[in-house]
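Below is one structure; the comments refer to it alone.
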Amino acid sequence: MIRLHHVPQSRSFRILWLLEELGLSYEVVEHSFFDKSLRGADYLALSPAGRVPALEIDGRALFESGAITQYLCETRGALQGAPAERPDWLEWLHFAETIAVHVANLTQQHVVLREDWMRSPTVMRLEAARLLKTLEVVERGLSAEYILPSGFSAVDISVSYGALIGARFVQLDSLPQLRSWLARLAARPAFGRALARDGVSQIYTRDFYPAPEPKNG
């Protein structure tokens, strides 16, 4: 049995979605950032930093999103792109964490730090600008419907999560290719199933991230 340790509306959503895309049977163990379950000895034995995701699979536990993604795709033989795309697949897989760092910093400033006096307007401006720069890289890299020319792969999941959450903090109006790509991803049946397992109806939906309207003329 594959067991995913997951907090709703967190980065572990990427693994939840990937499991759905792979069509694997799995169990979800839901945790919260607001109780002590992630700091308990049993959970720290699975994820030493007390973070999600953690994935119990094949007799061991993995606790890093990129490693989990790579392991699932390699051992289950899917969503890795064409053989010639392997360097690009790996680069985009790890670039997803570059995006995620800025999203995490903005989430900390806007959401976790509840009082205005705790927040730094300077940090918020800098991180928003840095996030937008990373999303511009994705915009330039989208030469086809998905990140890799061969079609949908796991890196679309990894990279898009940062863009989906990042849209809370930066405007995507200048990124039409990225917006269309997000709309395509939101239309995937596995994405919808993952949303249902996550218990979210609004945050990542296709209607929330509509593709730009085509311009006349």
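The values are calculated or read from the model by the stated rules, or taken from the named source; none is laboratory data. Computed from a predicted structure; not experimentally measured. As a convention, Cβ positions derive from the backbone with ideal geometry for all residues, glycine included, and neighbour counts pool all protein chains shown. Surface areas here come from the heavy atoms of the whole protein model, side chains and all, with no ligands, DNA or RNA. Shrake-Rupley method; radii C 1.70, N 1.55, O 1.52, S 1.80 Å.
Return yes or no: is LEU185 under 24 Å from GLU74 (Cα atoms), touching a Ser or Thr at 6+ places or on another chain (Cβ under 7 Å), in contact (Cβ under 8 Å) with a residue 24 or more places away in the chain and open to solvent by less than 20 Å² (accessible area, probe 1.4 Å)? It is true that LEU185 is under 24 Å from GLU74 (Cα atoms), touching a Ser or Thr at 6+ places or on another chain (Cβ under 7 Å), in contact (Cβ under 8 Å) with a residue 24 or more places away in the chain and open to solvent by less than 20 Å² (accessible area, probe 1.4 Å).
Looking at the stretch 76-83, can you tell me whether even one residue there is over 26 Å from ARG168 (Cα atoms), at pLDDT 95 or above and polar (S, T, N, Q)? Yes, because at least one residue in the stretch 76-83 is over 26 Å from ARG168 (Cα atoms), at pLDDT 95 or above and polar (S, T, N, Q). Restricting attention to the stretch 189-216, the residues that are modelled with pLDDT of 50 or more and open to solvent by less than 60 Å² (accessible area, probe 1.4 Å) add up to 8. Does VAL103 count as more than 23 Å from SER160 (Cβ to Cβ) and β-branched (Val, Ile, Thr)? Answer is no for this residue.
Being among the aliphatic types (A, V, I, L, M) and either closer than 22 Å to LYS133 by Cα or touching a Leu at 6+ places or on another chain (Cβ under 6 Å) (or both) is the filter here; which residues of the stretch 73-110 pass it? Don't jump to the end; show me each part of the working.
Taking the stretch 73-110 as the starting set, the residues that turn out to be among the aliphatic types (A, V, I, L, M) are 78-79, 82, 84, 90, 93, 96, 99-101, 103-104, 106.
Across the stretch 73-110, the qualifying residues are ALA78, LEU90, LEU93, ALA96, ILE99, ALA100, VAL101, VAL103, ALA104, LEU106.
How many of the residues in the stretch 165-177 are in a helix (DSSP H, G or I) and crowded, with 21+ Cβ neighbours inside 10 Å? Steps first, answer last, please.
If we filter the stretch 165-177 for residues that are in a helix (DSSP H, G or I), which is where we start, we get 165-166, 176-177.
Filter again for crowded, with 21+ Cβ neighbours inside 10 Å, leaving 165-166.
Of the residues in the stretch 165-177, 2 are in a helix (DSSP H, G or I) and crowded, with 21+ Cβ neighbours inside 10 Å.
Taken over the stretch 82-130, the criterion of being farther than 25 Å from VAL52 by Cα and acidic (Asp, Glu) is satisfied by GLU85, ASP88, GLU115, ASP116.
Among the numbered conditions (1) assigned to a loop (DSSP other than H, G, I, E, B); (2) buried (at least 17 other Cβ atoms within 10 Å of the Cβ), the only one that TYR161 does not meet is (1).
The set of residues from the stretch 122-131 being open to solvent by 50 Å² or more (accessible area, probe 1.4 Å), of a type in the set (A, V, I, L, M, F, W, C) and in contact (Cβ under 8 Å) with a residue 24 or more places away in the chain is empty. Evaluated against (1) in contact (Cβ under 8 Å) with a residue 12 or more places away in the chain; (2) touching a helix residue (DSSP H, G or I) at 6+ places or on another chain (Cβ under 8 Å), ARG119 falls short on exactly one condition, (1).
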